[in-house]
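Structure first, commentary second.
The values are calculated or read from the model by the stated rules, or taken from the named source; none is laboratory data. Source: prediction; values computed, not measured. Cβ placement follows ideal geometry from the backbone for every residue including glycine, while neighbour counts extend to all protein chains displayed.
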Amino acid sequence: MTIELMIEAEASGAGRFEHRVLFEQSPDHYPEYGRLLRAELDRVGGDLLFRAPSGRVYRLGRPKTGPDGLEVVILGDDPDGPGLPGEAVDRDVWAFLEWLIGRVGGEWTSADLEKTGAIYRVPGAPVRA
Amino acid sequence: MNPQRIPPEIQAIYPFESRWVRIDGLGMHYVEQGLDQGRPTVLLLHGNPTWSFLYREIIPRISPVCRAVAPDYIGMGLSDKPAHEAFYTLENHTRILGDFVDQLGLKRIVLVVQDWGGPIGFGLALARPGLVAGMLIMNTWAWPDPSHFHASVLPWRMMHAPFAGAHFFLRRNILVERGLYLSTSRAREKLKHGPVLDGYRLPFPTLESRIALLAFPRNIPLKPGDLNWERMKRMEEALPGLSCPCRLLWGEKDNVFPPENAGRFQKLLPACAPPRWIPDGSHFVQEDAPGEIAEEVLKLLDQV
């Protein structure tokens, strides 16, 4: 799977409504993840915007409501939903996970992510013949 | 409280009246059946990602001779579900179970434990000397060093890694959708689709309802210094002090808690009978062998 995760400088045209797709209350459960995520957010000086394989823009950052942690939200024009089929969101989420795990590195590999996805038939995981 | 309506097809296989107690301002759901008849109450403790539904085929088999009580931990089953992951610690689950026992006025119990029911139930037993009259121990653990499965990145640690867990557990509920199927043997087909799988899905319809499911794996210690390492170490050290009769029943096909765990319990517990092996049973042995479990509970009740 080609990861088309492009970091965006600004969310122009991405839409003003946010719909949460991932919420992580314990980014430091494995400290290497927390360190990486903080470094990425520090690098851009705030929230990280990225364009996923669907072409839609997502925001990674601190949640605006609820418990502390980090969230990934999809930006859109529709106040009622992301305006994207669930399968497409799953593929975008998967691309984000591959991006994240590829950067964390060490014992965390995209190959193991993919195998885990296959074992548990996780939506969004690439299906190999 | 969460007076969730149980659909008729699930009620048909879980035909119990829902009851609640209030602990820390939260509604804790449980079911019970039978009268004590002078015997200890049988307290049936589930693990992750299950709830009292797990014991639906065991309760009717034992309740003619005893009072059987099956709670849902806070965050699980039909109990209330706080939004903060940090709430769901082994310490909190154990303390709340103690409050639950007090509210029901239980003075003497037989513990039936599997998966997280083990550490939670053992914590209760060790904190309340004299409360536990006997234990049936199934496919669980009580020590800090992790099983091979729990220590491995593929698939366990990957599943609940930061953000991966948010997708796997919270968005896609894979422990219910696929984990139950993968960790049963005899009963596997029932966990593919139909009312049994729907029964396990029932309490966890949304991302927000699944936070406890993700918190459980993050409570498993892997190395000294981790959350619960010291607690589990003290638990292992203290278990030999429990002199009540114990029985072991073990699904042999469990790759999470392999049969060696049963041997370790036998060495730790002075009054432990040899394990009853379920060769075609797996991790969720209550699904694979409810009849055998009921037989062991009844034998234990005759011992205590």
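Quick notes
- Extreme residue, farthest from A:Ile119 (Cα to Cα), among residues of region B:177-195 that are within 12 Å of chain A (Cβ to nearest Cβ) and out of contact with any Ser or Thr (no Cβ under 9 Å at 6 or more places or on another chain): B:Lys192
- Residue pairs meeting the criteria (Cβ under 7 Å; at least 6 apart or on separate chains; first free of Cβ contacts under 8 Å to residues at least 60 places away in the same chain and closer than 20 Å to B:Val101 by Cα, in region B:53-71; second surrounded by fewer than 19 Cβ atoms within 10 Å (Cβ to Cβ) and of a type in the set (A, V, I, L, M, F, W, C)): B:Arg67/B:Leu35; B:Val69/B:Leu104
- Unmet criterion (only one of (1) touching a helix residue (DSSP H, G or I) at 6+ places or on another chain (Cβ under 9 Å); (2) in contact (Cβ under 8 Å) with a residue 60 or more places away in the chain) for B:Gln103: (1)
- Within region A:18-71, the set of residues being of a type in the set (Ser, Thr, Tyr) and under 22 Å from B:Pro217 (Cβ atoms) comprises A:Ser26, A:Tyr30, A:Tyr33.
- Search result, residues across region B:136-179 that are farther than 30 Å from B:Val42 by Cα, β-branched (Val, Ile, Thr) and either more than 21 Å from the chain's Cα centre (by Cα) or assigned to a loop (DSSP other than H, G, I, E, B) (or both): B:Val153
- Selection over region B:169-199 of residues that are within 24 Å of B:His84 (Cβ to Cβ) and either of a type in the set (Gly, Ala, Ser) or in contact (Cβ under 8 Å) with a residue 24 or more places away in the chain (or both) gives a count of 7.
- Across region B:81-90, the number of residues qualifying as assigned to a helix (DSSP H, G or I), within 10 Å of chain A (Cβ to nearest Cβ) and not acidic (Asp, Glu) comes to 2.
Yes/no matrix, rows are residues, columns are (1) touching a Phe, Trp or Tyr at 6+ places or on another chain (Cβ under 8 Å); (2) in a strand (DSSP E or B):
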site: B:Val65; (1), (2): no, no
site: B:Val69; (1), (2): yes, yes
site: B:Asn92; (1), (2): no, no
site: B:Arg95; (1), (2): no, no
site: B:Phe100; (1), (2): yes, no
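- Among residues of region B:203-256 being out of contact with any Cys (no Cβ under 9 Å at 6 or more places or on another chain) and basic (Lys, Arg), the one that is farthest from B:Leu182 (Cα to Cα) is B:Arg234.
- Extreme residue, nearest to A:Tyr30 (Cα to Cα), among residues of region A:101-123 that are out of contact with any Pro (no Cβ under 8 Å at 6 or more places or on another chain) and of a type in the set (A, V, I, L, M): A:Val104
- Test: residue in region A:39-56 that is hydroxyl-bearing (Ser, Thr, Tyr), closer than 23 Å to A:Ala125 by Cβ and at pLDDT below 95: yes
- Residues (at pLDDT 95 or above and farther than 21 Å from B:Glu287 by Cα) located in region B:243-259: B:Cys244, B:Pro245, B:Cys246
Let's see how each residue does on (1) within 12 Å of chain A (Cβ to nearest Cβ); (2) not aliphatic (A, V, I, L, M):
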| position | (1), (2) |
| --- | --- |
| B:Arg108 | no, yes |
| B:Arg128 | no, yes |
| B:Ala133 | no, no |
| B:Pro155 | yes, yes |
| B:Gly165 | yes, yes |
| B:Leu170 | yes, no |
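- Looking only at residues of region B:71-105 that are more than 18 Å from the chain's Cα centre (by Cα) and of a type in the set (Gly, Ala, Ser), we find that the one that is nearest to B:Ile220 (Cα to Cα) is B:Ala86.
- Within region B:48-63, tally of residues that are touching a strand residue (DSSP E or B) at 6+ places or on another chain (Cβ under 9 Å) and either at pLDDT below 95 or in a loop (DSSP other than H, G, I, E, B) (or both): 5
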